[in-house]
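Working notes, structure below.
The values are calculated or read from the model by the stated rules, or taken from the named source; none is laboratory data. Source: prediction; values computed, not measured. Neighbour counts run over all protein chains shown; Cβ positions are idealised from the backbone, glycine included.
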């Protein structure tokens, strides 16, 4: 069964979008033979743990067109590529420090004729200090990049006041929220909600941690990554 056949029963996408998922999955498998993008290459695993999981983010997003989103540490393009396919009126910036991964994303976006995707090679703590990126996105996204007390300092500086940061977390989400609550407040954020997501046909429950940006991030943040990781806020 293809990725689309595994997903069709859940009504998460249109027929055309499902076809694009299949095309993206094939590109992922082919490129994965050259260099490591993902450990999940089985169609069922990719469908549920990559595509279904990524699409679950939509329930945490504002219901309007024209959103600007940045995916920090986007890796092979999850959650942002499935979201970009199903949200063509929103603009996605996919950031990673590994150029090969972003080359794959750019080539895949071109092959799928996606005009709402752009890539940014570099480190979050450097780009978020630049005027054109600082507090300029409606939504910041991150999936499995680091613990929340580190991740908040990397992502919240990109988010506009009034926007939100959605962190995709596993079973330990509530523990990470408690650990990060001081830093989130310092950075101008406030926990809005934690949304559990049951992944069908598995025993996995993921969580969407939604943090509202209620005040500007102080100019001294983010710090250099070494300081962030050694002494989280």
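A few notes on this one:
- All of (1) surrounded by 17 or more Cβ atoms within 10 Å (Cβ to Cβ); (2) under 30 Å from residue 203 (Cα atoms) hold for residue 171 with one exception: (1).
- Residue 221 out of contact with any strand residue (DSSP E or B) (no Cβ under 7 Å at 6 or more places or on another chain), farther than 21 Å from residue 77 by Cα and touching a residue at least 12 places away in the same chain (Cβ under 8 Å): yes
- Selection count, segment 201-224, where residues are modelled with pLDDT of 95 or more and surrounded by fewer than 17 Cβ atoms within 10 Å (Cβ to Cβ): 8
- Enumeration of residues in segment 65-81 that are part of a loop (DSSP other than H, G, I, E, B) and farther than 21 Å from residue 206 by Cα: 65, 66, 67
- Single residue of segment 175-203 satisfying the filter (in a loop (DSSP other than H, G, I, E, B) and in contact with a helix residue (DSSP H, G or I) (Cβ under 9 Å, 6 or more places away or on another chain)) that is nearest to residue 129 (Cα to Cα): 187
- Some residue of segment 47-64 being outside any helix (DSSP H, G or I), crowded, with 16+ Cβ neighbours inside 10 Å and in contact with a strand residue (DSSP E or B) (Cβ under 8 Å, 6 or more places away or on another chain): yes
- Any hit, segment 82-97, residues being crowded, with 22+ Cβ neighbours inside 10 Å, at pLDDT 95 or above, part of a loop (DSSP other than H, G, I, E, B) and in contact with a strand residue (DSSP E or B) (Cβ under 6 Å, 6 or more places away or on another chain): no
- Each residue in segment 144-160 was checked for being at pLDDT below 95 and on the phi < 0 side of the Ramachandran plot, and 2 pass.
- Only listed residue being surrounded by fewer than 22 Cβ atoms within 10 Å (Cβ to Cβ), within 30 Å of residue 35 (Cα to Cα), modelled with pLDDT of 95 or more and more than 14 Å from the chain's Cα centre (by Cα), chosen from 113, 178: 113
- Qualifying positions in segment 104-152 - in a helix (DSSP H, G or I), closer than 23 Å to residue 28 by Cα and touching a helix residue (DSSP H, G or I) at 6+ places or on another chain (Cβ under 9 Å): 104, 105, 107, 108, 109, 111
- As for segment 208-228, it holds at least one residue that is in a strand (DSSP E or B), under 20 Å from the mean Cα position of the chain (by Cα) and within 23 Å of residue 105 (Cβ to Cβ).
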